Amino acid sequence: MHRTPRHPQGPLVAVVLLGTALMQASPLATPLAAQSARVGMAHAPVASRAIGSATVMAAHVVNITTTDYAFDMPATLPSGLTTMRLANKGKELHHVYLVKVPAGKSSKDILAWFKAGGPPPAWMKPVGGPNASAGITEFTSTLEAGDYVAFCVIPSPDGAPHVMKGMIKDLKVTPSANRSAAPTPTRTLTLKDYDFIFDKPLTAGKHVIAVKNSGPQPHEFFLAKLMPGKTPMEMAQFAEKPVGAPPGIPFGGITDILPGQTVYLTVDLPAGEYGIICFDPDVKDGKPHLAHGMIKQLSVR
């Protein structure tokens with residue numbers, strides 16, 4: 001893993017800080033859909049829409065429901081092309097940070113690492129997963145047979161990451177005959193040091209976005225629909241100092257993928273202004289990648 005050593009309670013994905021910020025700006029008892037309505041988001045009903053499960057026809061679909069603080073998901077999955085549909089019923093934001101681990105390693109070892117601190121262990125390989133959203137995040141990738149662990153590192157308002165509150169689950173991927181090819185994307189997003197590059201402008205409506213990491217270090221992709229007049233940098237700054245209403249609403253994305261990986265995100269985007277941000281710390285100076293320019297504003301029409 002090409003990462004800067006850091007304590008595991010530091011930000012592993014974009015919404016680690018942003019999740020806390022949004023919760024601090026909203027009553028803890030307010031559901032995410034209601035949060036969207038509270039700040040005037042016209043697309044709040046997206047939480048109940050099916051966004052493209054028919055788009056990736058050959059994939060095995062896994063429905064994952066998150067609560068405070070648990071995953072409702074199968075313990076065993078067949079290998080091959082897999083779509084994870086993440087729906088959150090909790091009061092806090094949640095995501096799926098999925099890692100592949102070698103035989104003999106499990107959630108107990110990851111919890112031991114979190115408690116001990118220090119750099120991420122070399123045996124823990126992130127493979128991506130659905131990032132937090134006020135609606136549904138639909139993520140597709142090809143899973144190899146083996147052992148995995150799913151957990152959530154977004155912190156609660158008390159600062160403790162959800163994994164330390166029991167939000168972690170072992171996953172066994174068993175060999176299968178599924179040799180389905182990856183979906184045909186409508187857009188391709190390349191992550192690099194330090195930029196987001198779309199092959200074509202992103203338009204309103206349904207898309208299957210191929211997300212490729214061409215950089216030498218891990219990257220993630222966090223998407224937020226911005227409030228009128230707000231900028232991606234204001235979204236990032238709000239994460240550090242949550243004052244007033246959130247400048248945007250989480251709209252999904254992917255958690256960390258390693259260099260050379262390609263995964264897929266299915267979205268149904270209303271027109272508007274969006275921010276895309278990578279909060280991963282740099283291997284050289286430890287600064288978040290957004291500080292190196294990995295933050296952009298997109299106009300979706």
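The values are calculated or read from the model by the stated rules, or taken from the named source; none is laboratory data. A quick note: this is a predicted structure, and the numbers were derived from the prediction, not measured. Counting neighbours? That spans all protein chains shown, and the Cβs are built from the backbone with ideal geometry, glycine included. Areas reflect the complete protein model, heavy atoms only, side chains present, ligands, DNA and RNA absent. Shrake-Rupley method; radii C 1.70, N 1.55, O 1.52, S 1.80 Å.
Structure notes:
- Residue within segment 117-139 that is under 14 Å from the mean Cα position of the chain (by Cα), of a type in the set (Ser, Thr, Tyr) and under 23 Å from Glu240 (Cα atoms) present: yes
- Of all residues making up segment 268-301, the number that are out of contact with any strand residue (DSSP E or B) (no Cβ under 6 Å at 6 or more places or on another chain), part of a loop (DSSP other than H, G, I, E, B) and modelled with pLDDT of 95 or more: 4
- Among the residues of segment 281-291, the one identified as more than 21 Å from Leu226 (Cα to Cα) and out of contact with any Ser or Thr (no Cβ under 9 Å at 6 or more places or on another chain) is Lys287.
- Among residues of segment 142-156, those that are open to solvent by 10 Å² or more (accessible area, probe 1.4 Å) and closer than 25 Å to Val56 by Cα, counted: 5
- Restricting Leu86, Leu77 to residues that are modelled with pLDDT of 95 or more, more than 16 Å from the chain's Cα centre (by Cα) and in a strand (DSSP E or B) narrows the list to Leu77.
- Set side by side, the residues Gly244, Gly229, Gly260 differ, and just one is free of Cβ contacts under 8 Å to residues at least 40 places away in the same chain, surrounded by fewer than 20 Cβ atoms within 10 Å (Cβ to Cβ), small (Gly, Ala, Ser) and in a loop (DSSP other than H, G, I, E, B), which is Gly229.
- Candidate set from segment 157-185 (those that are closer than 21 Å to Asp280 by Cβ and touching an Asp or Glu at 6+ places or on another chain (Cβ under 9 Å)); member that is surrounded by the fewest Cβ atoms within 10 Å (Cβ to Cβ): Met167
- Subset of segment 123-145 [part of a loop (DSSP other than H, G, I, E, B) and closer than 15 Å to Leu93 by Cβ]: Gly129, Asn131, Ala132, Ala134, Gly135
- The residues on offer are Ala224, Ala236, Ala210, and the sole one that is open to solvent by less than 40 Å² (accessible area, probe 1.4 Å) and either under 14 Å from the mean Cα position of the chain (by Cα) or of a type outside the set (A, V, I, L, M) (or both) is Ala224.
- Among the residues making up segment 273-282, those that are open to solvent by 10 Å² or more (accessible area, probe 1.4 Å) and either over 13 Å from the mean Cα position of the chain (by Cα) or farther than 24 Å from Lys212 by Cα (or both) are Glu273, Pro281.
- Check on Phe139, closer than 15 Å to Thr262 by Cα and modelled with pLDDT of 95 or more: yes
- Flag if Gly229 is touching a Ser or Thr at 6+ places or on another chain (Cβ under 9 Å), on the phi > 0 side of the Ramachandran plot and modelled with pLDDT of 95 or more: no
- Any hit, segment 146-153, residues being free of Cβ contacts under 8 Å to residues at least 24 places away in the same chain, closer than 24 Å to Ile277 by Cα and not in a loop (DSSP other than H, G, I, E, B): no
- Residue within segment 100-122 that is touching a residue at least 60 places away in the same chain (Cβ under 8 Å) and closer than 22 Å to Pro250 by Cβ present: no
- Residues that are in a strand (DSSP E or B), within 15 Å of Leu265 (Cα to Cα), more than 15 Å from the chain's Cα centre (by Cα) and in contact (Cβ under 8 Å) with a residue 24 or more places away in the chain do not occur anywhere in segment 166-177.
- Scanning segment 208-246 for residues that are β-branched (Val, Ile, Thr) and within 30 Å of Ala182 (Cβ to Cβ) yields a total of 3.
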